[in-house]
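Notes to accompany the following structure.
Nothing in this text is a laboratory measurement; each read-out follows from the coordinates by a stated rule. All figures in this text were calculated on a predicted structure; none of them were measured in a lab. Here Cβ is always computed from backbone atoms with ideal geometry, including for glycine, and neighbour counts include all displayed protein chains.
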Amino acid sequence: METNTLRKSYKNHIENLEDINLFEYLEIGFKLNEESILKSIKYFKSCMPKELKEILLKKSYWNLYYNKPMEDILKENLKLCNENQIKIISTFVYSFQTDKRDFEKLEDEEKLNKQLLEKGFKMQEVLNKDGWINNLKDLDGLKVICIFDRDKIGLMGSFTEKQEKEGKLIYIKDKGYLAFLPKRHTKTGQILRDKFYYKLN
């Protein structure tokens, strides 16, 4: 079975969360969840009881991989009997599954960004709060080595994967966005929806 490893940086992140009483933590989380799931998720990420830290810091917990077994082991180890506390465990598990992924993605992005800038690549954002960035048209026609999130389809559905390709940047004037056309392709390009890296080729 696939494992969900725990990085040292994320382990340190959990260890440094402010300690709080377990039952107070779950009760507050439940009440916030009744108002909005986003409020409870934000709260759960702000602090954590020692009892939960001890479980989350074990490799065996993350090796369970899926939410349901994680929920079951928490309920069993914490010996919860209060209905509200039992109900909120699924939100807690979900919040830390997504937090771990987001934390690692940001860490990987920062590492990649540093490596690519050192190799002479430029980083290009494509969107801001108002939509597509205006200066994308300045990149039209450039022959580049491009590193971008490529759309993929797998057994579990669609996903993106970073790839390095040679090709050309094409500005789609009537839409206002930028596309990448790989070398020796005349029609099968991809719209660049997320930030990418490029170097003149």
Whole-Å distance linking the alpha carbon centroid of the stretch 8-33 with that of the stretch 35-52 is 6 Å
Length-normalised contact order of the stretch 8-108, Cα under 8 Å, at least 6 apart, in percent, tallies to 32 percent
Phi-derived 3J(HN,Hα) across the stretch 185-201 with the Karplus relation (6.51, -1.76, 1.60, θ = phi - 60°), rounded Hz, x for Gly and Pro, is 10, 10, 10, 8, x, 9, 6, 8, 8, 10, 4, 9, 10, 9, 9, 4, 10
For the stretch 8-108 (alpha-carbon point model, no solvent) the Debye-based log₁₀ I(q)/I(0) at q = 0.09, 0.20, 0.24 Å⁻¹ works out to -0.19, -1.05, -1.55
Karplus-derived 3J(HN,Hα) from phi for the stretch 12-24 (6.51 cos²θ - 1.76 cosθ + 1.60, θ = phi - 60°), whole Hz, x at Gly and Pro, runs 4, 4, 5, 4, 8, 5, 4, 6, 8, 5, 4, 6, 5
Among trypsin sites (Lys or Arg not before Pro) in the stretch 77-133, those in a DSSP loop whose Cβ has at most 14 other Cβ atoms within 10 Å are Lys79, Lys119, Lys129
When Asp138, Asp99, Asp130 are arranged by how many other beta-carbons sit within 10 Å of their Cβ, fewest first, they go Asp130, Asp138, Asp99
Once Asp194 and Asn82 are pulled to full extension, the length gained, defined as 0.36 nm per residue separation minus their Cα-Cα distance, is 35.9 nm
Taking Cα atoms only, helix 67-78 is inclined relative to the longest principal axis of the chain by an angle, in degrees rounded to 10, of 30 degrees
Rounded to one decimal in nm, the spacing of the 7 Å Cα→Cβ label points at Lys59 and Asn113 is 3.2 nm
Any GluC sites (Glu not before Pro) in the stretch 1-105 that lie in a DSSP loop and have at most 10 other Cβ atoms within 10 Å would be Glu2
Taking every other residue with Cβ under 9 Å from the Cβ of Pro182 and scoring Lys and Arg +1, Asp and Glu -1, one gets +3
Correct semi-axes for the chain, from √(5λ) of the alpha-carbon gyration tensor and rounded to whole Å with the largest first, are 43, 18, 16
Here, Asn134 and Lys105, labelled 7 Å along Cα→Cβ, have an inter-label distance in nm of 3.0 nm
Taking every DSSP bridge whose two residues both lie in the chain, the antiparallel percent to the nearest 5 is 95 percent
If every Lys and Arg gets +1 and every Asp and Glu gets -1 at its Cβ, then about the Cα centre the stretch 96-201 yields a dipole, in debye to the nearest 20, of 560 debye
With Ile89 itself left out, Lys, Arg at +1 and Asp, Glu at -1 over residues whose Cβ is under 14 Å from its Cβ give -2
